[in-house]
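The values are calculated or read from the model by the stated rules, or taken from the named source; none is laboratory data. Remember, predicted model here, so these are calculated numbers, not experimental data. All Cβ positions, glycine included, derive from the backbone under ideal geometry; neighbour counts span all protein chains shown. Areas reflect the complete protein model, heavy atoms only, side chains present, ligands, DNA and RNA absent. Shrake-Rupley method; radii C 1.70, N 1.55, O 1.52, S 1.80 Å.
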Amino acid sequence: MKQINRPEITKEELLQALNFASNQVIENLEDYTHHFQTIYTDGNFYNKMENVEWTTGFWTGEVWLAYEHTGDERCKEAGMVHMKSFLDRIDRKIDVDHHDMGFLYSPSCVAGYKLIGSSIGKEAALKAAKQLVSRFQPKGEFIQAWGKMGEKNNYRFIIDCLMNLPLLYWAYEETKDETFREVAEKHITTTMKYVIREDGSTWHTFFFDPETGAPDHGATKQGYRDGSAWGRGQAWGIYGSAMAYRYTGREEYIETFKRVTEYYLSHLPTDIVPYWDLEFQQGSVQPRDSSSGVIAVCGMLEMVKYLPSEDQEFYRSTAKRLLKVLYDECAVKDREVSDGLLLHGTYSKKSKYNQCSNHGIDECNAWGDYFYMEALVRLLKTWEPYW
Ligand code: GLY
């Protein structure tokens, strides 16, 4: 197993980091209670945005994490304003024709329901879960990620969607409606069967034949090329397989988690800050993506709960070592530098093989900030996940 040859982050550093992050969030409330933060920063500072895109739940998630850490009532009040906005969004079907209902509604509305018993949070999250179920494709048994339902060139799922499924398990627990759980289980089974490659690397997306439901081919959207491992996709695979195990209890997903994590760790550069695609190695001038690192840290810390003790030690220590590097190299420590939390993320990067445009390169982004904070909370407290 590949170990990171760096020290672990210390308890003092964790506390200092979470105090700073919580203060940043609280200072940002003045601008971002009735608005949301943009997907990524511009020159390391966020701008205001309405509740659109797939990312606004992360900002609310940071507000809830700051509330849990500080008990500051201003966070609770902002969280309540945000949940009303999320209810309005799902009621009016604003930018919800895609699969990212979990990213949007778990850290915002499920969190608000779990933390303060919000009925608005519960109503919004249940409606979002139904919306997610509506994207299930029985032919192929997967949740279609984007685009018009059934369209041939959109007939695919993506690895990221594993993180949307806890919303369905939560909805099942609340309603006992088996549909939520069945759709989640089928999607997990399909994902695990087709998205993990022989060597533990992952496809970002996988297509099916809309006529027959037969598996067709893997492809990338945000990675460098089809056969490479998009860094954040691999990290979604780490956290996603931990979640898949948590909710299904299927032993084989422990092995999947280990293989996907090993591939990620053994393809980090020697300075450990992940490149946006794991193809790139030390010395490359390609941008980094710190957000993939914190997602991987959270995934390892989730999985530690279910592993035998000899494995627990390895993954907890690895998570702390990776977080130490990200804290040293990427964490914002001065509000003059940024109003975000984690520098050096990449949203999307154009390559000669993909169809992406350049967005949010070497910037903070909503999920990088959120999962950085989640990682700190996970290491400082016994935390009840929003996922
Ligand atoms: N889930 C979309 C992304 O990671 O960019």
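Could you please find all residues in segment 353-377 being in contact (Cβ under 8 Å) with a residue 40 or more places away in the chain and either open to solvent by 40 Å² or more (accessible area, probe 1.4 Å) or closer than 18 Å to Asp226 by Cα (or both)?
Of all residues in segment 353-377, those in contact (Cβ under 8 Å) with a residue 40 or more places away in the chain come to 353-356, 359-377.
Listed by number, the residues that qualify are Tyr353, Asn354, Gln355, Cys356, His359, Ile361, Asp362.
Within the bounds of segment 276-288, is there any residue that is among the hydrophobic types (A, V, I, L, M, F, W, C), more than 16 Å from the ligand (Cβ to nearest atom) and crowded, with 21+ Cβ neighbours inside 10 Å? Walk me through it before giving the result.
Looking only at segment 276-288, we keep the residues that are among the hydrophobic types (A, V, I, L, M, F, W, C), and these are 276, 278, 280, 285.
This time we only want the ones that are more than 16 Å from the ligand (Cβ to nearest atom), so: 280, 285.
This time we only want the ones that are crowded, with 21+ Cβ neighbours inside 10 Å, so: none.
No; the residues of segment 276-288 include none that is among the hydrophobic types (A, V, I, L, M, F, W, C), more than 16 Å from the ligand (Cβ to nearest atom) and crowded, with 21+ Cβ neighbours inside 10 Å.
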Being in a loop (DSSP other than H, G, I, E, B) and either over 25 Å from Ile94 (Cα atoms) or free of Cβ contacts under 8 Å to residues at least 12 places away in the same chain (or both) is the filter here; which residues of segment 1-37 pass it? Met1, Lys2, Gln3, Ile4, Asn5, Arg6, Pro7, Glu8, Ile9, Thr10, Glu30
Quick test for you: out of Tyr353, Tyr347, Tyr386, pick the one residue that is within 12 Å of the ligand (Cβ to nearest atom) and either in contact with a His (Cβ under 6 Å, 6 or more places away or on another chain) or part of a loop (DSSP other than H, G, I, E, B) (or both). Tyr347
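Being of a type outside the set (Val, Ile, Thr), away from the ligand (no atom under 16 Å from the Cβ), touching a residue at least 60 places away in the same chain (Cβ under 8 Å) and at negative phi is the requirement here; does Pro138 meet it?
Details: of a type outside the set (Val, Ile, Thr): yes; away from the ligand (no atom under 16 Å from the Cβ): yes; touching a residue at least 60 places away in the same chain (Cβ under 8 Å): yes; at negative phi: yes.
Yes.
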Just to be sure, is Gly218 more than 16 Å from the ligand (Cβ to nearest atom) and closer than 26 Å to Asp277 by Cβ? yes
Please pick out the residue among Arg156, Arg181, Arg225, Arg197 that is modelled with pLDDT of 95 or more, of a type in the set (Lys, Arg) and within 16 Å of the ligand (Cβ to nearest atom). Arg156
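For segment 47-107, list the helices (runs of 4 or more DSSP H) that sit wholly inside it and hold at least 1 residues that are open to solvent by 30 Å² or more (accessible area, probe 1.4 Å); which are they? So that I can check it myself, show each step before the final result.
On the way: elements: 56-70, 73-91, 101-105.
Where helices (runs of 4 or more DSSP H) fall fully within segment 47-107 and carry at least 1 residues being open to solvent by 30 Å² or more (accessible area, probe 1.4 Å), they are 56-70, 73-91.
Find the residue count for segment 159-177, including only residues that are touching a residue at least 12 places away in the same chain (Cβ under 8 Å) and more than 16 Å from the ligand (Cβ to nearest atom).
So the first thing to find is which residues in segment 159-177 are touching a residue at least 12 places away in the same chain (Cβ under 8 Å), and the list is 159-172, 174-175.
If we keep only those that are more than 16 Å from the ligand (Cβ to nearest atom) as well, we get 168-172, 174-175.
Count: 7.
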With criteria (1) farther than 26 Å from Gly71 by Cα; (2) open to solvent by 60 Å² or more (accessible area, probe 1.4 Å); (3) among the polar types (S, T, N, Q), Thr318 comes up short on (2)
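Considering segment 139-174 alone, what residues qualify as being open to solvent by less than 60 Å² (accessible area, probe 1.4 Å) and in contact with a Leu (Cβ under 8 Å, 6 or more places away or on another chain)?
First, pick out the residues of segment 139-174 that are open to solvent by less than 60 Å² (accessible area, probe 1.4 Å): 140, 142-147, 150, 154-172.
Of everything in segment 139-174, those that are open to solvent by less than 60 Å² (accessible area, probe 1.4 Å) and in contact with a Leu (Cβ under 8 Å, 6 or more places away or on another chain) turn out to be Ile143, Asn164, Leu167, Leu168, Ala171.
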May I ask you to list pairs of residues, at least six apart or on different chains, whose Cβ atoms are under 8 Å apart, with the first in segment 60-82 being basic (Lys, Arg) and the second being surrounded by fewer than 20 Cβ atoms within 10 Å (Cβ to Cβ) and assigned to a helix (DSSP H, G or I)? Arg74/Ile26; Lys76/Ile116
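Considering only residues that are in contact with a helix residue (DSSP H, G or I) (Cβ under 9 Å, 6 or more places away or on another chain) and either polar (S, T, N, Q) or under 14 Å from Arg197 (Cα atoms) (or both), look in segment 228-245 and name the one that is surrounded by the most Cβ atoms within 10 Å (Cβ to Cβ). Talk me through it step by step, then tell me what you get.
So the first thing to find is which residues in segment 228-245 are in contact with a helix residue (DSSP H, G or I) (Cβ under 9 Å, 6 or more places away or on another chain), and the list is 229-245.
Still in the running and either polar (S, T, N, Q) or under 14 Å from Arg197 (Cα atoms) (or both): 229-230, 233-234, 237-238, 241.
Values: Ala229: 26, Trp230: 32, Gly233: 27, Gln234: 27, Gly237: 35, Ile238: 30, Ser241: 31.
The extreme case among them is Gly237.
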Hey, could you check segment 108-135 for residues that are part of a loop (DSSP other than H, G, I, E, B) and without any contact (Cβ under 8 Å) to a residue 24 or more places away in the chain and say which is farthest from the ligand (Cβ to nearest atom)? Gly117
What's the total number of residues in segment 325-344 that are assigned to a helix (DSSP H, G or I) and under 30 Å from Gly227 (Cα atoms)? 4
